[in-house]
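Down below is the structure, laid out as structure tokens.
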Amino acid sequence: MTKTGRSSRRSVLGIVLLQLLLLGTVAWSYARLTPQERGQVLQTVRGVPVAPIAEIPRRTPLAVEPLYNEPQVVSDEDLAAVLQRVRPRFVPRELKPNYVEHALRTWGKDATFADPHAMSGAEMVAFLTDHSVYARSWGHDTEPLLLERPGGVAIRWGRSRGASVHHDHWLACLSEAGVGIDTPLRVASGRRYLFRDALLQALRDMRLDEREVEWSAMAFGLWLPPQHRWINERGRLLSFDLLAQRLIRGHSRFGVCSGTHRVYSLTLLLRLDDRFHILSKGVRDAVRRHLAYVRDLIHQSQFPDGHWPSNWADGRRAVENPIDDLEYRQVIATGHHLEWLAIAPQELHPPQEQIVRAARWLVRNTTSKSEDQIRQTYTFYSHVGNALALWRGTHPALFWSRWLKEHPELATQLANAAPPGTTASGTEDDGTGPSPDDAHAAH
């Protein structure tokens, strides 16, 4: 090779090495950026907004409190009996996130139990926010629940093994439980994020054509007000007006759990609008009209024993031509309706006697079930416990703590209870049976 050829080859090699060095430096610098800073870089490169780069206006989520304390709806004794059955006593192996999410939003992040085999609020938060805790239940061969993204953290959801079942359900449940914006998230790589990163990721990912927007509306409502608009990663301007209109659209039976979650989310937005004016007047009026329409439907569709059927949206026809309704679907409809009614203005209620009948049906149904039966359909019965506590103007953990102090013999009994999944014969029960995840997703 000539001297000129060798010199040219060295020059090319030098250029390549310099480019590799520059790329390595850029990659190293990018990896050290915070998720928010990485989002800003991506926004500059792409030329479109990839995140609402703004501080969430609070450190802790808002709370929408119940409006009533009605002992005639549920007595202390009946509420205690129901809450005893919906304590979060789960078999640790392959513990479904959907169970824990429901338990956490019912009991709250600060819940503690006399029973050492019931998950505390802190343990539930850790399972949902720390991959190392999740992996102890599912192993390292299962895809993580927390997924690292260029600008933050997304939640694996859907029907796959070990996933959260519904879109933004994880986000809404942790928010309802009172988890703070700076709560640490630990992903599979070991990198640490904050709850804020998951919230901002969800805001970026939001699409109005999602099949489920119920929990997105709830989560965003508990964090964003008085801000009422944001931009997703496609540059689309979104707002609570658009979410409310999306929840109203279509037949009332549409949506998860026979359409009842849509009703709860609309009621929550209405209550938040009372304080922060996040809805325009026209949309607020439309929400109230829709909830009044739902009120009239459940007034007509309740059965004499107090339950609402899964086809409650058929109104009077639901009673005149009963369908072959599975019991768990009746629990879903009745528990969810009592839940939204507990935070709704009284003018949106059916007659009080209907509320009393529904609560008594739920108490009878829940207390007739064994612990194993409750666990196999836990997601549904968690709503029952929450709804009945709301009708006493409280929350499950607050009431349960007071009840145990007043009944120390019960606390002692529960402290000595056998681990969950142990049947009366002493053999282990793996908790298989009707899948709450499947039923919850289908309705």
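The values are calculated or read from the model by the stated rules, or taken from the named source; none is laboratory data. Note that the structure is predicted; figures quoted are calculated from it, not measured. Glycine gets a Cβ as well: all are built from the backbone with ideal geometry, and neighbour counts include every protein chain shown.
If you go through region 183-238 and keep only what is of a type in the set (Val, Ile, Thr) and either under 22 Å from Leu269 (Cα atoms) or out of contact with any strand residue (DSSP E or B) (no Cβ under 8 Å at 6 or more places or on another chain) (or both), you end up with Val213, Ile231. In the set (1) over 27 Å from His290 (Cβ atoms); (2) under 18 Å from the mean Cα position of the chain (by Cα); (3) surrounded by fewer than 23 Cβ atoms within 10 Å (Cβ to Cβ), the condition left unmet by Gln373 is number (2). Residues in region 59-76 that are more than 23 Å from Ile355 (Cα to Cα), among the aliphatic types (A, V, I, L, M) and in contact with a Ser or Thr (Cβ under 9 Å, 6 or more places away or on another chain): Leu62 only. Scanning region 188-204 for residues that are in contact (Cβ under 8 Å) with a residue 24 or more places away in the chain and surrounded by fewer than 20 Cβ atoms within 10 Å (Cβ to Cβ) turns up Ala188, Ser189, Arg191. Considering every residue within region 61-69, establish whether at least one is in contact (Cβ under 8 Å) with a residue 60 or more places away in the chain, among the hydroxyl-bearing types (Ser, Thr, Tyr) and over 19 Å from Leu185 (Cβ atoms). For region 61-69, residues in contact (Cβ under 8 Å) with a residue 60 or more places away in the chain, among the hydroxyl-bearing types (Ser, Thr, Tyr) and over 19 Å from Leu185 (Cβ atoms): present.
Table: residues versus (1) out of contact with any strand residue (DSSP E or B) (no Cβ under 9 Å at 6 or more places or on another chain); (2) more than 27 Å from Tyr378 (Cβ to Cβ); (3) modelled with pLDDT under 95.
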| residue | (1), (2), (3) |
| --- | --- |
| Ser252 | yes, no, yes |
| Ser258 | yes, no, yes |
| Val263 | yes, no, no |
| Lys281 | yes, yes, no |
| Ala286 | yes, yes, no |
| Asp296 | yes, yes, no |
| Gly306 | yes, no, no |
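For region 42-73, a residue qualifies if it is at pLDDT 95 or above and among the small types (Gly, Ala, Ser), and exactly one does: Ala63. Among the residues of this structure, Glu210 does not count as one that is of a type in the set (Asp, Glu) and within 13 Å of the chain's Cα centre (by Cα). Each residue in region 86-122 was checked for being out of contact with any Asp or Glu (no Cβ under 7 Å at 6 or more places or on another chain), in a helix (DSSP H, G or I), surrounded by 18 or more Cβ atoms within 10 Å (Cβ to Cβ) and not hydroxyl-bearing (Ser, Thr, Tyr), and 7 of them qualify. Here the condition is being of a type in the set (Lys, Arg) and within 19 Å of Gly108 (Cα to Cα); of Arg236, Arg229, Arg196, it holds for Arg196 alone.
Under the condition of being under 22 Å from Glu148 (Cα atoms) and either buried (at least 19 other Cβ atoms within 10 Å of the Cβ) or β-branched (Val, Ile, Thr) (or both), the residues counted in region 231-240 number 3. Just to be sure before I move on: is Asp430 at pLDDT below 95, closer than 21 Å to Trp312 by Cα and either of a type in the set (D, E, K, R) or in contact with a Phe, Trp or Tyr (Cβ under 8 Å, 6 or more places away or on another chain) (or both) in the structure I sent? No. Checked against (1) closer than 28 Å to Ala177 by Cα; (2) crowded, with 22+ Cβ neighbours inside 10 Å; (3) over 19 Å from the mean Cα position of the chain (by Cα), His277 meets all criteria but (2).
Which residues, counting only those in region 327-347, are hydrophobic (A, V, I, L, M, F, W, C) and surrounded by fewer than 20 Cβ atoms within 10 Å (Cβ to Cβ)? Selection gives Ile343 alone. Does region 284-292 contain at least one residue that is in a helix (DSSP H, G or I) and in contact (Cβ under 8 Å) with a residue 60 or more places away in the chain? Within region 284-292, one or more residues are in a helix (DSSP H, G or I) and in contact (Cβ under 8 Å) with a residue 60 or more places away in the chain.
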